[in-house]
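Everything on this sheet refers to the single structure shown next.
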Amino acid sequence: MRLGLDIGSTTIKCVVLDENNKLLYSTYERHYSRITEKIGEMLARVRGKIKGVENALVALSGSAGMGVAEQCGLSFVQEVYATRVAANTFIPGTDVIIELGGEDAKILFLSGGMEVRMNGTCAGGTGAFIDQMATLLNVPLEEMNDLAKGYEKTYTIASRCGVFAKTDIQPLLNQGARKADIAQSIFRAVVNQTVAGLAQGREIEGKVVYLGGPLTFMGELRKAFDEELKTTGICPENSLYYVAFGAALCADSTIDFDEIINKVSNYTGSGNFAFNPPLFKNEAEYESFKERHSRATVNEVDIHDYNGKCYIGMDAGSTTVKAVVMGENGELLYSKYLPNSGNPVPIIKNFLEELYEVKPDIDIKSSAVTGYGEDIIKNAFCVDYGIVETVAHFTAARSFMPDVEFVIDIGGQDIKCFKVHNGAIDNIFLNEACSSGCGSFLQTFANALGYSIQDFATLGIYGKHPVDLGSRCTVFMNSSVKQAQKDGATIEDISGGLSLSVVKNALYKVIRASGPEELGKKVVVQGGTFLNDAVLRAFEQEMGVDVVRPTISGLMGAYGAALYAKSRAKNSDEKSTIITKDRLKDFVHKIKVVNCGMCSNNCRLTVNTFADGRKFIGGNRCERPITKKNPDESMNIYEYKLKKLASYKPVEGSRGTIGIPMGLNMYELLPFWHRFFTELKFKVVRSPFSSRKLYQKGQQTIPSDTVCFPAKLMHGHMKALIDMGVDKIFYPCMSYNLNENLGDNHYNCPVVAYYPEVIYNNMRDIRNVTFIKDYVGIHRPKDFPKKMHTALIKYFPDITLKEVKNAAKNAYEEYNRYFEDIRRHGNEIITKAELENKEIIVLSGRPYHVDPEINHGISKMIASFGVAVVSEDCVSDRVEKFKVGVLNQWTYHSRLYAAARYVSTRKDMELVQLVSFGCGVDAITTDEVRDILEQSGKIYTQVKIDEITNLGAVKIRIRSLLAAIGR
Amino acid sequence: MAELVYDKDGRLIYTKEMNDEGYKILVPMMMPVHFGILMDAFRHEGYNVELLDTDGPDIAQTGLKYVHNDTCYPALLVIGQLINALESGKYDLNKTALMITQTGGGCRASNYIHLLRKGLKKAGLEQIPVISLNLSGLEKNPGFKISLRLIRRVIAGLVYGDVLMTLRNQTKPYEVNKGESEKLVLKWQTGLAKDFNEGKSYRFKEMEGILDKMCSEFAQIERTNEKKIRVGVVGEIYVKYARLGNNDLEQFLFDQGCEICLPGVMGFAAFKIDNRIEDIKLYGGSTAKRKVCEFLLNYVSKTEDLMIAATSKYGFQPPSKYAHTKSLIDGVIGFGSKMGEGWLLTAEMLELAETGFENIVCTQPFGCLPNHINGKGMVRKIKEINPKANIVAIDYDPGAPRVNQENRIKLMLAVAREELENRYKDKSAPANSKQTVAK
């Protein structure tokens, strides 16, 4: 008899096999992180049920099993390996296994060169991810599958990781997208992530087997895989237990129940984990802390006792919806704090109904709404004003502390901080995707362990050794918990540790502060997450300052909105436009999903229709679907660049066709190479501008899941060129870029420089064409023709040096002409903006950020606020070379510093930096650009973009910036 | 405290006066054996250096506090270790300087020194001068000069370090009397440090004799002839070598019963010199510069011959010759791919697979740019060339939990173990294949 245990990240499975490998017993349970306890229980049960199990051989597997195995002296079988052993035994002839677990995704290729793969650290979370998404949609996990069945359309949701996906889903929910569509889209995202991250160029074909919890329980997920892989995979009987089977099959030592049960119940771990000092030394310290924080209150008055004008403020946040009714003197009359449940509309409807019930004769003078759901709520209920969150939170904070110097708000999804100087917002810090969801993570995590958030937080207060769980993102934190448990951390320590992680994330990743002096002495903290005393304490401890947390911390956004509504209310007798009691009775809300199709972005729009026929469209990037008119593109250099590049058309040539992939550095070298090869009598064709479809064509061949999205797109461009029938592709390696004399050197980043090598070694199709990836040095114009000639005659022996020299001369000229044209046009935009007294945003990034699939239409969105948009290269030539605080050695990045320097000199210019996720170089440039801007009192705004980008968050940034500079 | 002097760009320089006052120069740890010997080469030149052997989670925490969190892990650790030391109260902050290497390539690593200065500023430690250790003439300091003599000593120190590491890795897993190898390493390290302090043992002739004696002593360690899983470790230079960076990967693999091979640092030195020659070949450039580099490369090549001669004489697997390693990537990846570890990383994996270390851990900091190309980007090609190659890429990061890393390495080891059993055991009875199917 053989016994196998599989201790996964969320569940424990146990099987017993007989001599002939027949299954005698199997059991499956969630362990809620109480692993050792559950093992003990489970073993005791098996022992009672199965005769003869006393002499069974035993082994242990699973991602959370390593520590236990060490402690109990049991053999440990790595889980992917275990799966393979089990598959070879029970389902021979399998070619590929796809197994999804709680946190890891695995693909095993069994035939034709065995390979086993697991997702990289940054792509963690599959089962747990679906769990979280179910929470977000507010449906029980079991219903996700049925929900997905009823889908009509799907949305593209980031599949990089759970954190990114969540940022995409949130705004969809707030636009009113159907839950069924979202559920189905989540499954597709899981499929994409698994395939893109793990196939790495290998075809998934033949007999495909699906294993693990999510694939066992969710037929729709299997179907989604089937469709993507164009196959029909099988999910064998007992598909949950393959890891446990494998462990059983590898079992080599006889079980000793008493000893194991004894050992697991005494399991303490090494105790060797990094921890922080306890949050509170003793009960007394906690009491005085509580007392101190109970002082920052607002005057609360029962709404029944109040007769006067009322102001309504609402905050439709990512995870919660908040609403307050405020009196003439700022008194809080009535409030609601409710979970978002995936759709804010019915919640606000209920709130208003209740309000009209409680106070039928209410005199509503004005109303305002803020938060992710601002637009839809404003439209649905005819709210007077919509304001950006930063303004709402700042307004509220100032009412508590008029001379506040720093405000930090940690909500469910976002972290917003601002520095205040002379009563105005002086600097804004907003989290980017990686640090988002910290607040709601605490909640989800607590729930997953079977605690309410309040109980869980209280545990943290008393932790003796709050664990250090890192602060990169919630996916990493989740895995760190596993490690901490292995090392013997208690639930108290984990709770305290998580609170600290959230705080450290805010301080060191979002604000980038290293000491209290950077924040100032007068700090107000707010947001639902700060209601958690452990988080509040962690913040005070880490920064060494006492801060003010209003007792209505969670309501601050709504309270700020109410204050704003009051400040805007006219003195006359005019009433609020907000929906009246009578009209509320007939309130209807219908949702339709359509594709816009009016430009290449092809936004998926959610059209909300209300009772009186009013419409609200969500999901759009520009005003076109609403106004049906072309947006004014004359003030947007990004659009101009794209058109300019599109104007380089193929010219017939005697040497045949040569293809150029339209990505990375080609976004500004196309003019150079187009001219170069046209002169050499090649017909130069380029791959089309990127699209989602194009990306997916190549995603199976991407070897590194953490490389930046612009690089990943190159795989699709290659595929597109091959599909176009091109037989020669030119994509050279370039260590150096042209020297623009702005910095200490003129490198390309390693990815731009050498990505052709990755393409060559990972895309099989490329070997059927002539792929020219030689190292070329256009930075040395004198040496270039000769060196290039040597490279080219390998492929085209008849090309002469004279021809190359001539082509090179023309190419350099064309390149210069192109840049002159861009700068001339940039100058026109700037001049026009000056005349019209418009703000100018220097949207800075890399040449390839012009790609609409990379910038997701951000330039259009910014332009829609009535500001002019130019790029960094339009102004980078306007300053003299200067010394920066870092080694200024990349051409593209030198332009950023120069642009920042120039923007600093102008009152009417602001800089917004686009940063691709995974761009290592930008870890350096962002800090430096910020320094340059802040030295002259400018606000630094960063927009992190990836495969998919939630424009809602970008909008908040831009609006906050415009609000702060007084527009 | 010496007067603080700044250059025209506002950089605080390390003055002669500082050195004369006996400023303590703190050096971050990377390779304990190599650096341990090297420190005395610097001391002999009149620099009061101290190698930091601090450890623990505080270092990463300090790094996170003072460095942009998306910067590579080695920067966080190196800067964290230095600032952590300064904040420890152990040093007179008016008489302490820091030293850090600077390569000047197109990778982020060239910026560590600037990030360190930014960190110092944030920590209010702006009075601490930072010395750049580089051969590219990047930042000059009157109080610290790299003489040709020092370069020769540094090269000798690295050679000794490489050989000691190679020998230890080949004896330690098999030793009959546990601990003998480490003891011998320590003995040699101490002895060589003493020699260096006295300005001895760096000449070619001396090296030849010393290496021979070193190898002969290691050859005397009594060893079993067990068959062990052989694992090669490659990667970004810091996380490849530094315990702090890779969660003590060497010890972990050793505990898992593996024999480890870490390609030496001399190959990296040769690579960095060779890059300059390749650059000139590819894009054009000065012939004089090329000649200087060729001379240096030739010098390094001679030291390689010494290492190979000594180790092979006593039956050890010698380190590979740089020229051979380089030849392995012909047609795989271009010699122009030079940022970070560049093509050398790919070449080392091919070389390891060729010499019986098909099982490879490719280490890199999370988000390491050159490794997207030369590491993860080449795994597929390496497997095509050598189907037995069993490679796992591991990312290191302050937030990346050790348990996940170890789990992935264990997967690689499980496959390796099976391969080993298939190779050496009775072929009719490999583990687990005897089970009959009962379903």
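The values are calculated or read from the model by the stated rules, or taken from the named source; none is laboratory data. In this text the structure is predicted, and so the values were computed from the model without any measurement. Note: ideal-geometry Cβ built from the backbone for every residue, glycine included; neighbour counts use all protein chains shown.
Yes/no per residue for (1) at pLDDT 85 or above; (2) out of contact with any helix residue (DSSP H, G or I) (no Cβ under 8 Å at 6 or more places or on another chain); (3) assigned to a loop (DSSP other than H, G, I, E, B):
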| position | (1), (2), (3) |
| --- | --- |
| A:Ile97 | yes, no, no |
| A:Glu103 | no, no, yes |
| A:Ala128 | no, no, no |
| A:Ser159 | no, no, yes |
| A:Asp168 | no, yes, no |
Q.
It is to be established whether one or more residues within the range A:517-527 are in contact with a Ser or Thr (Cβ under 7 Å, 6 or more places away or on another chain) and either of a type in the set (Val, Ile, Thr) or over 18 Å from B:Asp70 (Cβ atoms) (or both).
A. yes
**Q.** Of the criteria (1) touching a residue at least 40 places away in the same chain (Cβ under 8 Å); (2) out of contact with any strand residue (DSSP E or B) (no Cβ under 9 Å at 6 or more places or on another chain); (3) assigned to a helix (DSSP H, G or I), which one A:Gly246 fails
**A.** (2)
Q) Which of the residues spanning the range B:76-118 are within 9 Å of chain A (Cβ to nearest Cβ), in contact with a Ser or Thr (Cβ under 7 Å, 6 or more places away or on another chain) and surrounded by fewer than 24 Cβ atoms within 10 Å (Cβ to Cβ)? A) B:Gln102, B:Gly104
Q: Kindly indicate whether any position in the range A:4-14 is among the hydrophobic types (A, V, I, L, M, F, W, C) and in a helix (DSSP H, G or I).
A: no
Q: Please state which one of A:Ile377, A:Ile364, A:Ile347 is within 29 Å of the chain's Cα centre (by Cα) and under 18 Å from A:Cys310 (Cβ atoms).
A: A:Ile377
**Q.** Number of the exception - A:Glu54 against (1) outside any strand (DSSP E or B); (2) over 16 Å from A:Asp258 (Cα atoms)
**A.** (2)
Q) Given the conditions (1) under 30 Å from A:Met66 (Cβ atoms); (2) touching a Ser or Thr at 6+ places or on another chain (Cβ under 6 Å); (3) hydroxyl-bearing (Ser, Thr, Tyr), and given that A:Thr551 satisfies all but one, which numbered condition is not satisfied? A) (1)
Q | Residue that is more than 9 Å from chain B (Cβ to nearest Cβ), within 23 Å of A:Pro852 (Cβ to Cβ) and not in a helix (DSSP H, G or I), where the choices are A:Val752, A:Val726 | A | A:Val726
Q: All but one of (1) over 23 Å from A:Ala446 (Cα atoms); (2) touching a residue at least 60 places away in the same chain (Cβ under 8 Å) hold for A:Lys49, so report the exception by its number.
A: (2)
Q) Among the residues of the range B:60-75, is there at least one that is part of a helix (DSSP H, G or I), within 14 Å of chain A (Cβ to nearest Cβ), closer than 22 Å to B:Gly264 by Cβ and touching a helix residue (DSSP H, G or I) at 6+ places or on another chain (Cβ under 9 Å)? A) yes
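Hey, among A:Tyr775, A:Tyr695, which residue is at the interface with another protein chain (Cβ under 9 Å from one of its Cβ atoms) and of a type in the set (Ser, Thr, Tyr)?
None of the others qualify; the one that does is A:Tyr775.
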Q.
Can you tell me which of (1) within 14 Å of chain A (Cβ to nearest Cβ); (2) assigned to a helix (DSSP H, G or I); (3) small (Gly, Ala, Ser); (4) farther than 25 Å from A:Gln889 by Cβ is the one B:Gly157 doesn't meet?
A. (1)
(Q) Exactly one of these conditions fails for B:Leu369: (1) buried (at least 23 other Cβ atoms within 10 Å of the Cβ); (2) more than 7 Å from chain A (Cβ to nearest Cβ); (3) in contact (Cβ under 8 Å) with a residue 40 or more places away in the chain. Give me its number. (A) (2)
Q.
Quick test for you: out of A:Ser864, A:Ser876, A:Ser871, pick the one residue that is surrounded by fewer than 23 Cβ atoms within 10 Å (Cβ to Cβ) and either under 27 Å from A:Leu694 (Cβ atoms) or touching a residue at least 40 places away in the same chain (Cβ under 8 Å) (or both).
A. A:Ser864
Q | Pick from the range B:307-354, criterion of a type in the set (D, E, K, R) and more than 15 Å from B:Phe268 (Cβ to Cβ), ranking: farthest from the other protein chains (Cβ to nearest Cβ) | A | B:Lys313
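Please pick out the residue among B:Tyr47, B:Tyr66 that is within 20 Å of B:Tyr91 (Cα to Cα), buried (at least 22 other Cβ atoms within 10 Å of the Cβ), touching a strand residue (DSSP E or B) at 6+ places or on another chain (Cβ under 7 Å) and of a type outside the set (A, V, I, L, M, F, W, C).
Being within 20 Å of B:Tyr91 (Cα to Cα), buried (at least 22 other Cβ atoms within 10 Å of the Cβ), touching a strand residue (DSSP E or B) at 6+ places or on another chain (Cβ under 7 Å) and of a type outside the set (A, V, I, L, M, F, W, C) holds for just one of B:Tyr47, B:Tyr66, which is B:Tyr47.
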Q: Starting from the range A:582-610, keep only residues that are touching a residue at least 12 places away in the same chain (Cβ under 8 Å) and assigned to a strand (DSSP E or B), then list their pairs with residues that are buried (at least 18 other Cβ atoms within 10 Å of the Cβ) and of a type in the set (Ser, Thr, Tyr) whose Cβ atoms are within a distance under 8 Å, requiring at least 6 positions of separation or different chains.
A: A:Ile591/A:Thr606; A:Lys592/A:Thr606; A:Val593/A:Thr606; A:Arg604/A:Tyr155
(Q) Given the criteria more than 25 Å from the chain's Cα centre (by Cα), surrounded by fewer than 24 Cβ atoms within 10 Å (Cβ to Cβ) and within 16 Å of A:Gly528 (Cβ to Cβ), does A:Gln454 qualify? (A) yes
(Q) So if I check each of A:Leu742, A:Leu694, which one is of a type outside the set (Lys, Arg) and within 30 Å of A:Val884 (Cα to Cα)? (A) A:Leu742
Q: Within the range B:249-287, track down each residue that is assigned to a loop (DSSP other than H, G, I, E, B), more than 12 Å from every other protein chain (Cβ to nearest Cβ) and out of contact with any strand residue (DSSP E or B) (no Cβ under 8 Å at 6 or more places or on another chain).
A: B:Gly264
Q) Tally time: how many residues in the range A:192-225 are surrounded by fewer than 21 Cβ atoms within 10 Å (Cβ to Cβ), farther than 27 Å from B:Lys376 by Cα and among the small types (Gly, Ala, Ser)? A) 1
Q: Report the residue count in the range A:351-390 for those that are farther than 27 Å from A:Gln413 by Cβ and assigned to a loop (DSSP other than H, G, I, E, B).
A: 4
Q) Taking interchain pairs and intrachain pairs at least six residues apart, which have beta carbon atoms under 8 angstrom, with the first residue in the range A:711-736 and outside the structural domain of A:Val776 (by TED's automatic domain parsing) and the second of a type outside the set (A, V, I, L, M) and surrounded by fewer than 24 Cβ atoms within 10 Å (Cβ to Cβ)? A) none
Q.
Which count do you get for residues in the range B:393-405 that are within 7 Å of chain A (Cβ to nearest Cβ) and touching a residue at least 40 places away in the same chain (Cβ under 8 Å)?
A. 3
Q. Given the residues A:Glu29, A:Glu54, A:Glu99, which is the only one that is surrounded by 17 or more Cβ atoms within 10 Å (Cβ to Cβ), among the acidic types (Asp, Glu) and either more than 43 Å from the chain's Cα centre (by Cα) or in the same structural domain as A:Met218 (by TED's automatic domain parsing) (or both)?
A. A:Glu99
**Q.** Qualifying position, being part of a loop (DSSP other than H, G, I, E, B) and on the phi < 0 side of the Ramachandran plot, among A:Pro710, A:Pro650
**A.** A:Pro650
